[in-house]
1. Being open to solvent by less than 30 Å² (accessible area, probe 1.4 Å) and more than 25 Å from Glu196 (Cα to Cα) narrows it down to one residue among Val19, Val58; which is it?
2. Just the residues that are among the polar types (S, T, N, Q), within 18 Å of Lys184 (Cα to Cα) and buried (at least 17 other Cβ atoms within 10 Å of the Cβ), please, taken from segment 129-167.
3. What tally of residues in segment 42-58 results from selecting those that are closer than 20 Å to Glu106 by Cβ and out of contact with any helix residue (DSSP H, G or I) (no Cβ under 7 Å at 6 or more places or on another chain)?
4. Would you mind finding the one in Glu80, Glu106 that is in a helix (DSSP H, G or I), under 28 Å from Ser52 (Cα atoms) and among the charged types (D, E, K, R)?
5. Return the only residue of Val167, Val200 being assigned to a strand (DSSP E or B), touching a helix residue (DSSP H, G or I) at 6+ places or on another chain (Cβ under 7 Å) and touching a residue at least 12 places away in the same chain (Cβ under 8 Å).
6. Among the listed residues Ala126, Ala119, Ala182, identify the single one that is touching a residue at least 60 places away in the same chain (Cβ under 8 Å), touching a Leu at 6+ places or on another chain (Cβ under 8 Å) and surrounded by 15 or more Cβ atoms within 10 Å (Cβ to Cβ).
7. Can you run down the residue pairs with Cβ atoms below 8 Å, 6 or more apart or on separate chains, where the first is in segment 135-155 and closer than 19 Å to Lys124 by Cα and the partner is among the acidic types (Asp, Glu) and open to solvent by 60 Å² or more (accessible area, probe 1.4 Å)?
8. Considering each residue of segment 75-98, count those that are surrounded by fewer than 22 Cβ atoms within 10 Å (Cβ to Cβ), under 19 Å from Val19 (Cα atoms) and of a type outside the set (Gly, Ala, Ser), and give that number.
Amino acid sequence: MIIAIASGKGGVGKTTISVNVAVLLSFLGRTVVVDGDVALPNVHVHLNLSPSASLPEVLKGEASLKEAIYELPFKVGKKETTLHVLPSSGPLEKIDLDGFPEVVKELDKDYDFVIVDVAAGLSKYALLPIMASEKIYVVVNPEKASIEDGKRVISVASSIGKEVSGVIVNRYKGEKALAELAQKEISENLAGIVRESKLVKKAWEIGKPFVVAFPSSAVSKDVAKLAKNMAGMKTEIKKYGKLKYFLRLA
């Protein structure tokens, strides 16, 4: 299954969501996370990875797909897993993405979940990965401006015959009305609510996904619910209000 994780604008935490949900999906099936943002790649930074070959080299025919995929072992609690990563690192230059659909189709043959971290916005760098995906999830923050940006992804997806599969509200602090607005304006399927947490920054500082560094935390449990929903294991997402949020923050 090829899953695109997109956003109407940068800065909403899309790559953080992509990386952490990919780690947890790897416990449910063979998973690869692809950095579809060849212009401003960040997946390798989140995973503390320094690749010698990456997606741009594959697209230019300078490296094989096998050479550009890295295996990262993780331990969450007592369980162990391996996440596969196809990064997009290297010098900033114009990259032809026309071959991207063939790359992810090839990956789809070997993996249960192909998570594509799509470039933010609505440029060609975002359009082709969205076109190549079977499911599209839009990440927004609980802000009206962010939700409006997210709505633009719907328009673009619709123009190429695609439907948004769900919305993910990230950095949630109990804004129930805005979560409901995102559900109304972007997708009835509220795939996940991921709370604001200081642990996200702490995990970044130590170079680990927060679901690995802090597996028992509330924010990691939020992502676990999101991963289950993406995998087709329907999980209820509660739009709790501010009082309940702060009571559960510890």
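The values are calculated or read from the model by the stated rules, or taken from the named source; none is laboratory data. In this text, all values refer to a predicted model and were calculated from it rather than measured experimentally. Cβ placement follows ideal geometry from the backbone for every residue including glycine, while neighbour counts extend to all protein chains displayed. SASA here: full protein model, heavy atoms, side chains in, ligands and nucleic acids out. Shrake-Rupley method; radii C 1.70, N 1.55, O 1.52, S 1.80 Å.
1. Result: Val58 is the single residue among Val19, Val58 that is open to solvent by less than 30 Å² (accessible area, probe 1.4 Å) and more than 25 Å from Glu196 (Cα to Cα).
2. Asn141, Ser146, Ser165
3. 1
4. Just one listed residue meets the conditions, Glu106.
5. Val167
6. Unique residue meeting the criteria: Ala119.
7. Ile136/Glu163; Gly150/Glu185; Lys151/Glu185
8. Result for segment 75-98: 7.
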